[in-house]
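Here's the structure we're looking at; comments come further down.
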Protein chains: 2
Amino acid sequence: MPSDDERIADGLPVESADTAADRVPADGTVLVSGFGSVGYPKEVPLALARTDRDLSLTVVSGGSVGREIDVELVESDAIARRFPYQARSPIRTAVNDGRIAFHDRNISTLGDEVQYGGLGPGNVAIVEAVAVGEDWLVPSTSIGHTPAFVESASELIVEVNAAQPREIGRFHDVYRPGRPPNREAIPLDAPGDRIGGQAVRFDPEKLVAVVETDRRDQPYEFREPTADDRGVADNLRGFLEAEVERSPLFEESVRLQFGVGSLGNALMAALGDADFGDRDLVYFGEVIQDGLLDLLDDGRLRSASATSLALSEDGQDRLFDDVERYAEDAVLRPADVSNRPALVDRFGVVAVNSALEVDVYGHVNSTHVNGSRVVNGVGGSGDFNRHSPLAVTALPSTANGGNLTRVVPMVPHVDHTEHDVDAIVTEQGVADLRGKSPRERAREIVDHCAHPTYRERLREYLDDAVAGGGHVPHDLDSALSMHRER
Amino acid sequence: MPSDDERIADGLPVESADTAADRVPADGTVLVSGFGSVGYPKEVPLALARTDRDLSLTVVSGGSVGREIDVELVESDAIARRFPYQARSPIRTAVNDGRIAFHDRNISTLGDEVQYGGLGPGNVAIVEAVAVGEDWLVPSTSIGHTPAFVESASELIVEVNAAQPREIGRFHDVYRPGRPPNREAIPLDAPGDRIGGQAVRFDPEKLVAVVETDRRDQPYEFREPTADDRGVADNLRGFLEAEVERSPLFEESVRLQFGVGSLGNALMAALGDADFGDRDLVYFGEVIQDGLLDLLDDGRLRSASATSLALSEDGQDRLFDDVERYAEDAVLRPADVSNRPALVDRFGVVAVNSALEVDVYGHVNSTHVNGSRVVNGVGGSGDFNRHSPLAVTALPSTANGGNLTRVVPMVPHVDHTEHDVDAIVTEQGVADLRGKSPRERAREIVDHCAHPTYRERLREYLDDAVAGGGHVPHDLDSALSMHRER
């Protein structure tokens with residue numbers, strides 16, 4: 001069992017990053033820890049990036065990782081395939097140019113896909129830890145899919161990072177779902193409860209190398225909220241306040257999830273001003289971003305559950321200074337628990353996720369510019385949207401300084417269908433789509449969410465399309481015109 | 001408690017269908033039992049259809065219902081709004097013409113939407129039963145969302161149908177999930193287990209009328225399997241046999257779901273020839289169709305779980321003659337249990353659903369012809385696809401006698417995204433999409449699933465699109481050309 005005063009148990013095979021990197025086959029599958037751009041391995045990827053070997057790796061992570069992988073390894077041309085999410089410019093370019101085969105997956109099911117599915121055998125898991133023993137490791141700033149990866153891989157390399165506080169394990173609650181068909185229901189009774197331990201267990205035969213480092217995460221940098229962000233946050237707050245009053249689901253508490261990113265971060269922070277009466281506020285999502293720390297500090301937030309401490313560097317410093325206190329109310333879980341749809345359903349979590357654009361009928365494009373060029377990936381938005389009692393898509397009504405509308409006749413890529421979207425919020429207003437037919441939804445979205453500059457053109461499209469008939473009236477000659485003009 | 005020798009307990013308010021129909025407000029919301037076109041109320045809808053009153057009803061069902069509702073009531077112009085699924089021509093036409101506002105929903109979450117969401121208060125539940133007491137009723141040939149509807153409605157009318165065997169209650173297992181955030185995990189440990197009782201409980205204050213009938217269901221009529229159906233079934237069988245050998249998820253048993261309809265029925269029946277070694281075969285889906293009866297008869301099927309006995313009239317006769325024996329291995333559940341994603345996940349159910357068309361990247365259109373005209377609705381396909389370890393879309397490669405390809409460059413309506421589709425099967429072959437990038441998937445789908453007549457044109461589209469770059473390369477000028485030519 002992990003004890004608090006040692007980082008690496010006696011007798012483990014400590015070696016240099018370069019020696020460890022040589023263990024990775026040139027065409028191997030590498031399963032890396034990391035989520036929300038924190039808690040990923042650093043030294044071995046850098047060693048792989050500088051090796052003379054001609055590498056053609058498949059790299060699978062839990063979520064987004066740092067520069068050492070998605071910049072350095074990409075620029076050294078070492079990655080042939082990459083799953084399930086990325087958020088850095090060099091890999092994005094390589095994926096869109098067709099140089100790296102990318103597979104964009106829902107986060108919650110990736111662990112199962114690696115363990116049982118068609119992704120092929122996991123050759124080497126490389127994971128960051130704050131401590132490691134003979135058959136256990138304590139993950140660092142994220143858990144992600146580390147448990148599933150460690151269970152799947154035939155070999156394990158652990159990077160022990162002295163720059164991450166040893167006590168960070170206090171956040172962790174590592175529970176493993178079993179294997180279908182005998183998988184038990186996850187025995188979590190409340191969003192903030194604990195049902196596991198700090199450590200991820202592994203077969204000691206697998207551990208081939210331990211590498212030491214003190215290199216810090218390269219986390220996200222959030223931009224300051226824009227006027228549009230604040231407008232979206234204001235409208236969202238008003239909508240949620242009314243819904244919480246109305247629905248019997250929120251008599252005792254309000255459970256919320258927010259997507260990763262600057263807008264999500266701004267929305268989280270703005271929730272501090274919401275009036276939910278004397279109800280408990282609970283966060284049940286995939287990342288804890290800076291916006292949540294204030295809510296934890298002032299006691300507004302009863303508990304927070306996630307798989308990653310996706311904080312800015314300032315946010316990390318703040319948290320590292322007081323791990324013990326924050327860990328009382330915040331818990332990190334494996335991504336197949338934090339994002340598990342069954343728990344989103346049971347706890348009735350309101351899901352708030354951003355998007356690139358929405359169409360007039362409520363289909364959402366979260367990932368692909370003009371239908372072709374991927375930005376980051378679907379991430380956990382599908383995990384939370386589908387089984388939320390209230391799935392909200394929140395986004396500004398325009399992009400590019402107002403030159404592009406984010407409300408369009410037809411989205412050229414769909415990540416969330418009309419069946420899974422309950423409300424759309426922009427800085428212009430709110431469209432509550434529940435119980436409405438597509439034609440009714442369209443009027444609601446154009447009137448309340450589109451920017452006034454584009455409303456007339458959208459109405460003209462709708463009038464033409466409705467004249468042609470149909471339940472979801474579309475004119476296929478002009479449905480994509482606004483995109484084709486771009 | 002229900003006893004086996006009475007249909008209607010003493011002292012209940014038995015009245016005529018016309019009198020009961022007068023209790024329904026002219027603009028009321030009517031929550032009707034029924035799923036898979038069986039187990040729906042018949043007399044009160046017919047009375048509503050012949051009334052002189054000017055009706056503008058919202059009709060919510062569990063799934064599809066019979067002629068008495070989706071033909072007679074529609075033709076009498078009594079329905080203004082209709083959720084969540086329909087499968088009859090007159091209502092389909094009315095929906096596509098914009099005369100009825102339709103809202104196409106995932107089945108599993110509809111109960112929650114009615115109870116807690118934005119569908120408004122349920123004024124009257126009208127449900128068919130084989131027996132009713134002071135505070136309980138035993139549903140007939142389907143359970144659907146009857147429990148949620150009875151809990152939500154302010155008034156309850158029960159139609160007791162003497163044409164349905166009283167013993168049909170032996171199939172039922174009525175369990176109710178609680179309300180979030182204190183909703184417990186469903187305590188079902190195996191697909192064929194029972195955790196509830198035969199009866200749906202209700203507040204006795206709600207029961208305003210009991211109506212007697214002996215009118216039979218008007219169930220589906222399945223067409224004979226076509227050559228294409230048999231080709232799809234053959235390819236599916238080969239694919240599943242190999243997968244069952246390969247995956248550790250199927251060491252003990254194979255759990256399957258098939259979509260509703262003639263193709264699904266043919267696929268179910270064809271499974272009887274599959275070689276799964278000595279593994280148990282288990283059905284965990286939403287409907288029990290005729291194809292399953294043979295498998296139950298010859299002991300090939302260990303157990304079957306569904307929400308509806310969606311049998312043909314012949315199939316009903318066969319089942320009604322031997323309820324006791326069939327009920328040993330088959331169980332009917334509320335639709336929010338039969339279709340619950342958490343159970344699909346825990347039991348590792350292989351999902352096999354049909355579609356109108358798929359695109360070269362694996363997006364699936366299940367519902368809307370040319371993106372506009374709805375056929376039936378998404379039904380339960382989304383409930384099973386998303387959380388299945390192996391979600392298969394099975395469809396012929398062409399429609400209209402070969403004159404239309406069902407593999408297209410871009411689907412103009414998406415019901416299942418690329419993130420949720422693992423394999424596509426046509427009579428041409430199988431495309432296993434797992435672990436593949438969109439460009440790889442496209443070659444796989446065109447080479448293995450498209451009809452040879454259309455492969456060259458699809459390849460030309462892909463070559464042009466790939467030349468423009470992108471992770472999911474599309475040429476928006478020509479992406480919908482094949483549809484625009486129709």
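The values are calculated or read from the model by the stated rules, or taken from the named source; none is laboratory data. None of these values were measured; they are calculated from a predicted model. Neighbour counts are summed over all protein chains in view; Cβ atoms, including those assigned to glycine, are modelled from backbone coordinates with ideal geometry. To get the accessible areas, we keep the full protein, side chains included, count just its heavy atoms, and leave off ligands, DNA and RNA. Shrake-Rupley method; radii C 1.70, N 1.55, O 1.52, S 1.80 Å.
Residue check, residue B:189 against (1) more than 14 Å from every other protein chain (Cβ to nearest Cβ); (2) surrounded by fewer than 15 Cβ atoms within 10 Å (Cβ to Cβ), all met but one. Which one?
That leaves (1) as the condition not met.
For residue B:388, state whether it is of a type in the set (Gly, Ala, Ser) and closer than 19 Å to residue B:450 by Cβ.
It is false that residue B:388 is of a type in the set (Gly, Ala, Ser) and closer than 19 Å to residue B:450 by Cβ.
Specify which of the listed residues (B:362, B:401, B:382) is under 26 Å from residue B:35 (Cα atoms) and either within 16 Å of the chain's Cα centre (by Cα) or outside any strand (DSSP E or B) (or both).
It is B:382.
State yes or no: is residue B:133 in contact (Cβ under 8 Å) with a residue 24 or more places away in the chain, more than 12 Å from every other protein chain (Cβ to nearest Cβ) and either open to solvent by less than 30 Å² (accessible area, probe 1.4 Å) or not hydrophobic (A, V, I, L, M, F, W, C) (or both)?
Yes.
Looking at B:423, B:467 in this structure, which one is over 22 Å from residue A:365 (Cβ atoms), within 14 Å of chain A (Cβ to nearest Cβ) and without any contact (Cβ under 8 Å) to a residue 12 or more places away in the chain?
Residue meeting the stated conditions: B:467.
Go through the range B:465-481 residue by residue and tally those that are open to solvent by less than 60 Å² (accessible area, probe 1.4 Å) and either among the acidic types (Asp, Glu) or assigned to a helix (DSSP H, G or I) (or both).
So the answer is 4.
So for the range A:55-67 (the condition being part of a loop (DSSP other than H, G, I, E, B), surrounded by fewer than 20 Cβ atoms within 10 Å (Cβ to Cβ) and modelled with pLDDT of 95 or more), does at least one residue qualify?
The answer is yes, given that some residue of the range A:55-67 is part of a loop (DSSP other than H, G, I, E, B), surrounded by fewer than 20 Cβ atoms within 10 Å (Cβ to Cβ) and modelled with pLDDT of 95 or more.
Please find, among B:233, B:242, B:266, the residue that is among the small types (Gly, Ala, Ser), surrounded by fewer than 21 Cβ atoms within 10 Å (Cβ to Cβ) and assigned to a helix (DSSP H, G or I).
After applying the criteria, what remains is B:242.
Which numbered condition trips up residue A:258, out of (1) within 14 Å of another protein chain (Cβ to nearest Cβ); (2) in contact with a Leu (Cβ under 8 Å, 6 or more places away or on another chain)?
Condition not satisfied by residue A:258: (1).
Which is more than 8 Å from every other protein chain (Cβ to nearest Cβ) and either open to solvent by 40 Å² or more (accessible area, probe 1.4 Å) or touching a residue at least 24 places away in the same chain (Cβ under 8 Å) (or both), of A:382, A:377, A:371?
The conditions single out A:377.
Here are some residues: A:168, A:195, A:157, A:186. Which one is in the same structural domain as residue A:138 (by TED's automatic domain parsing), assigned to a helix (DSSP H, G or I), modelled with pLDDT of 95 or more and not acidic (Asp, Glu)?
Step by step, each of A:168, A:195, A:157, A:186 is checked, and only A:168 is in the same structural domain as residue A:138 (by TED's automatic domain parsing), assigned to a helix (DSSP H, G or I), modelled with pLDDT of 95 or more and not acidic (Asp, Glu).
Of everything in the range A:69-114 that's of a type in the set (S, T, N, Q) and either touching a Cys at 6+ places or on another chain (Cβ under 8 Å) or surrounded by fewer than 21 Cβ atoms within 10 Å (Cβ to Cβ) (or both), which residue is nearest to the other protein chains (Cβ to nearest Cβ)?
Per the criteria, the residue is A:93.
How many residues, within the range B:449-464, are under 19 Å from residue B:411 (Cβ atoms) and either without any contact (Cβ under 8 Å) to a residue 24 or more places away in the chain or open to solvent by less than 60 Å² (accessible area, probe 1.4 Å) (or both)?
Total satisfying the criteria: 11.
Among the listed residues A:351, A:342, identify the single one that is small (Gly, Ala, Ser) and in a helix (DSSP H, G or I).
Criteria check complete, one pass: A:342.
Counting just the residues of the range A:385-403 that are more than 9 Å from chain B (Cβ to nearest Cβ) and of a type in the set (A, V, I, L, M, F, W, C), which one comes out nearest to residue A:108 (Cα to Cα)?
Top of the filtered list is A:391.
Go through the range A:93-110 residue by residue and tally those that are out of contact with any Pro (no Cβ under 7 Å at 6 or more places or on another chain) and assigned to a helix (DSSP H, G or I).
Within the range A:93-110, residues that are out of contact with any Pro (no Cβ under 7 Å at 6 or more places or on another chain) and assigned to a helix (DSSP H, G or I) number 4.
Out of all the residues in the range A:129-158, which are touching a helix residue (DSSP H, G or I) at 6+ places or on another chain (Cβ under 7 Å) and under 17 Å from residue A:213 (Cα atoms)?
Once the filter is applied, which keeps residues that are touching a helix residue (DSSP H, G or I) at 6+ places or on another chain (Cβ under 7 Å) and under 17 Å from residue A:213 (Cα atoms), the range A:129-158 yields A:130, A:131, A:138, A:139, A:140, A:141, A:156, A:157.
Would you call residue A:207 in the same structural domain as residue A:353 (by TED's automatic domain parsing) and open to solvent by less than 50 Å² (accessible area, probe 1.4 Å)?
No; evaluated as a whole, the condition is false for this residue.
I'm trying to understand the selection: among the residues of the range A:421-436, which are in contact with a strand residue (DSSP E or B) (Cβ under 7 Å, 6 or more places away or on another chain) and open to solvent by 10 Å² or more (accessible area, probe 1.4 Å)?
A:422, A:430, A:432
Given the conditions (1) closer than 16 Å to residue A:42 by Cα; (2) of a type outside the set (A, V, I, L, M, F, W, C); (3) outside any strand (DSSP E or B), report the number of the one that residue A:128 does not fulfil.
The failed condition is (3).
Go through the range A:29-45 and give me each residue that's touching a Leu at 6+ places or on another chain (Cβ under 8 Å) and open to solvent by 10 Å² or more (accessible area, probe 1.4 Å).
Of everything in the range A:29-45, just one residue is touching a Leu at 6+ places or on another chain (Cβ under 8 Å) and open to solvent by 10 Å² or more (accessible area, probe 1.4 Å), namely A:29.
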